[in-house]
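Shown next, in structure tokens, is the structure this report addresses.
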Amino acid sequence: MRKIAAIVFVAFFAFLLLAAYDMHDFGAPPSAMDDYVIENTQNETGANNAVTAVVFDYRGYDTLGEATVLFTAIAGVMVVLRRRGKNE
Amino acid sequence: MSDENGEGLSPIVKVISSMLFPFIMIFSFYVIMHGHLTPGGGFQGGAIGASAVVMLIVAFGARHTERRAGEEKLSAFESIGGTVFVVVALFGFIMAATFMSNFLVGTSVFGEIPPFGSNPGILNTGGILPILNFAVGMKVIGGLSAVVLAMALVSREDD
């Protein structure tokens, strides 16, 4: 079992290394999406900050999920750390 | 040295932190409300505001902070922020076609369109982005400070 796990680990590590080796150069725009955001952010959302425009407008669902993760974490902490019999 | 409960740090720390608290909260509000113009936004500004509440917990002790703002109140504050976020996103169905569409662009509320490229930054822009930033800021301030307060209260009970 440990041998299988080690083989899977090494294969996955090699896959990730290969993927990292194949990435485009740092700072080189890989697709037309970057240019689209830079050209149209101010007209479409009215926001100067393109990062906020992407996070809250173009990728709004992602931010909603992030807020849900935060809510779930806080609800879990509140359940675990609740003080029993506080009002007695 | 300390107050009647034997909690908190020295009076110097208490006075300085209670003087600094409003300024940190104003800076947090600034980072949240300028989220569509400058680096920052709801999450970052909320973390600043929550750190101000944590400073009060450290300086005054958890019991004193709980009397001023209990973790139920902070948790309710967080839930209001989340509800505002979802309601504003759902309003996109009514005002426009899709969930979370930016229906305020072009109207008089946060609806100005800035000139293309670099500009000084007009606060009345961004559509629903400032409202969503504010909701997320409420969420992060309430949530993080409620968690730290709950942990501090539990660790006090073990003494």
Looking only at other chains, what is the average number of their beta-carbon atoms within 10 angstrom of each beta-carbon in B:129-137?
-> 4
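When the dipole is taken about the Cα centre of segment A:1-70, and only Lys, Arg (+1) and Asp, Glu (-1) are charged at their Cβ, what size is it in debye, to the nearest 20?
Values: 3 positive and 9 negative charges, 137 e Å.
For segment A:1-70, the charge dipole is close to 660 debye.
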Using a basic spin-label model with each label point 7 Å from the Cα along Cα→Cβ, how many nm lie between A:Val69 and A:Arg2?
-> 3.4 nm
Across A:Asp25, A:Asp34, A:Asp62, the residue with the highest GNM fluctuation in chain A (Cα network, 10 Å cutoff) is A:Asp25
Just check the protein assembly as shown against the gyration tensor rule for me: Cα atoms, a ≥ b ≥ c as the square roots of the eigenvalues, rounded for a/c under 1.5, and otherwise prolate or oblate depending on whether a/b exceeds b/c.
-> oblate
Name the residue, out of A:Val69, A:Val51, A:Val37, whose mean-square fluctuation peaks in a Gaussian network model built on chain A with Cα pairs under 10 Å.
-> A:Val69
Among B:Asn133, B:Leu153, B:Gly40 the positive-end extreme of the charge dipole of the protein assembly as shown (Cβ point charges) | B:Leu153
Compare B:Ser145, B:Ser108, B:Ser18 in a GNM of chain B, Cα atoms joined below 10 Å, and give the one with the largest fluctuation.
-> B:Ser108
Take the alpha-carbon centre of segment B:108-150, take the same for segment B:24-61, and report the distance between them in whole Å.
-> 12 Å
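Quick note: the coordinates plus some simple rules give every number you see, no bench work behind them. Remember, predicted model here, so these are calculated numbers, not experimental data. Counting neighbours? That spans all protein chains shown, and the Cβs are built from the backbone with ideal geometry, glycine included.
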